[in-house]
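Below you'll find the structure, written out as structure tokens, and then a few comments.
The values are calculated or read from the model by the stated rules, or taken from the named source; none is laboratory data. The model shown is predicted, which means the values in this text are computed figures rather than measured ones. Cβ placement follows ideal geometry from the backbone for every residue including glycine, while neighbour counts extend to all protein chains displayed.
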Amino acid sequence: MKPLIFKIVYLLALPVIMACSGHNGSLPSDQVDQEDITQDPTAQSVITFSKLTHDFGTILEGEKVVCYFDYENTGKSDLMIHSVEATCGCTTPDWSSEPVKFGDSKSLKIIFDATGRSGAQRKVVTVMSNASNELVKLTIKANIET
């Protein structure tokens, strides 16, 4: 009989205890704001490149040439580039792993090695980041003379 009485008292007391605790089921305002930001797509970072293609023009076989792709974080949160991959070993990307704040700009360096190559060349460099446009493809072109 005692266990039944304890269960009844517990079930009756539980709503009273919850009501007196002052917890109404909502989150504190600072947590609500953070949750809204992470779920709001307009609060994401956005990577905006000044150009998507670079043409080296005519270069000589064996030359190493460099170009830069300038980019800006036009979003509302920090931009992080996770990886940059080239379609060929002749193309080497170099980028900063530091976060880019809203409104700040940086450059992505691309080195193209024309050793052992000839004719028209087109290489793609894929940039992966935490931006809303998380995957951006950059293209470099060159005409290699031997």
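A few points about this structure:
- Top-ranked residue in region 67-113 [being touching a residue at least 40 places away in the same chain (Cβ under 8 Å) and surrounded by fewer than 14 Cβ atoms within 10 Å (Cβ to Cβ); ranked as farthest from Thr146 (Cα to Cα)]: His82
- Exclusive hit being surrounded by 12 or more Cβ atoms within 10 Å (Cβ to Cβ), of a type outside the set (D, E, K, R), at positive phi and at pLDDT 95 or above, set Gly57, Gly116, Gly62: Gly62
- Scanning region 102-114 for residues that are closer than 15 Å to Cys88 by Cα and in a strand (DSSP E or B) returns Ile110, Ile111, Phe112, Asp113.
- Per the listing Asn133, Asn143, the residue uniquely in a loop (DSSP other than H, G, I, E, B), surrounded by 12 or more Cβ atoms within 10 Å (Cβ to Cβ), polar (S, T, N, Q) and at negative phi is Asn133.
- Residues that are outside any strand (DSSP E or B) and more than 18 Å from the chain's Cα centre (by Cα), drawn from region 115-130: Thr115, Gly116, Arg117, Ser118
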